[in-house]
Amino acid sequence: MLEKINITAIVKEHLQTLKRGSCTEISTWEVTLFFAIPIVIALPLAIYFDISSDFVNGIVTAASIFAGLLLNLLVLIYTVLSRQRQPAKNDKEKQRLVIFKQVLKETFANISFCILTSVILVAVCLLSYIKGGIFPKGNHFLIYFLISQLILTLLMILKRIHKLFDFEISNQEESDTTKK
């Protein structure tokens, strides 16, 4: 019954993208960047800054918009993945295509994780808001942590999407020059 809402695969696939280059091991640096740094950012913010209901409203709105936009981006990536490509003509093209598909799959996992983070952030904010506007420090910490993690993951997605488009553009340019 709970299998329909089991999110562990999304988290596992996202964690598998935290590797450096062709390494098979998850990078300690990447885990530090995406989990420890948000903790370091969230802790002092939670201790020294209060969260107002206006702040919660803004976060709920922003996270909801991000979730919707990221869902559209998932559909776009699914469309690119399912599109039939012309077979590679040589080993270099085959290798580039394998890398392209791998980066697409990893980007898909990162976007799914980002949507999940947005949904959890909205839920935490709404649950905090329901309690009469009283925000315990634990909720402050969780809200700041999720915001930090969301921003870092969005930056990673932006870089990956940029690389994917760059790959497609250079591939088209090579294709155009070989046709001439």
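The values are calculated or read from the model by the stated rules, or taken from the named source; none is laboratory data. Keep in mind that this is a model prediction, so the values were computed, not measured. In this analysis, Cβ positions are derived from the backbone assuming ideal geometry, glycine residues included, and neighbour counts consider all displayed protein chains.
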Exactly one condition in (1) more than 21 Å from I161 (Cα to Cα); (2) modelled with pLDDT of 85 or more is not met by F66; state its number. (1)
With the first residue restricted to region 52-63 and required to be part of a helix (DSSP H, G or I), and the second required to be of a type in the set (S, T, Y) and surrounded by 15 or more Cβ atoms within 10 Å (Cβ to Cβ), Cβ contacts under 9 Å at 6 or more apart or on different chains are S53/Y129; V56/S128; V56/Y129; N57/Y129; V60/Y129; A62/S118; A63/T117; A63/S118
With respect to the numbered conditions (1) surrounded by 12 or more Cβ atoms within 10 Å (Cβ to Cβ); (2) at pLDDT 90 or above, which one is the sole condition not fulfilled by F167? (2)
Scan region 69-78 for residues that are at pLDDT 90 or above and β-branched (V, I, T) and jot them down. V75
Can we say I41 is loosely packed, with under 13 Cβ neighbours inside 10 Å and assigned to a helix (DSSP H, G or I)? no
Name the single residue, out of those in region 1-25 being closer than 17 Å to R160 by Cα and basic (K, R), that is farthest from the chain's Cα centre (by Cα). R20
Those residues of region 26-77 which are more than 15 Å from the chain's Cα centre (by Cα) and among the hydroxyl-bearing types (S, T, Y) amount to S27, T28, T32, Y48, S52, S53, T61
One residue is enough: does region 79-87 have a residue meeting the conditions of a type outside the set (G, A, S), loosely packed, with under 11 Cβ neighbours inside 10 Å and either closer than 15 Å to A9 by Cβ or modelled with pLDDT of 80 or more (or both)? yes
For region 96-120, give me the residue count where each residue is farther than 16 Å from V75 by Cα and of a type in the set (S, T, N, Q). 3
Which listed residue, of F55, F108, is within 18 Å of V11 (Cα to Cα), modelled with pLDDT of 85 or more and surrounded by 13 or more Cβ atoms within 10 Å (Cβ to Cβ): F108
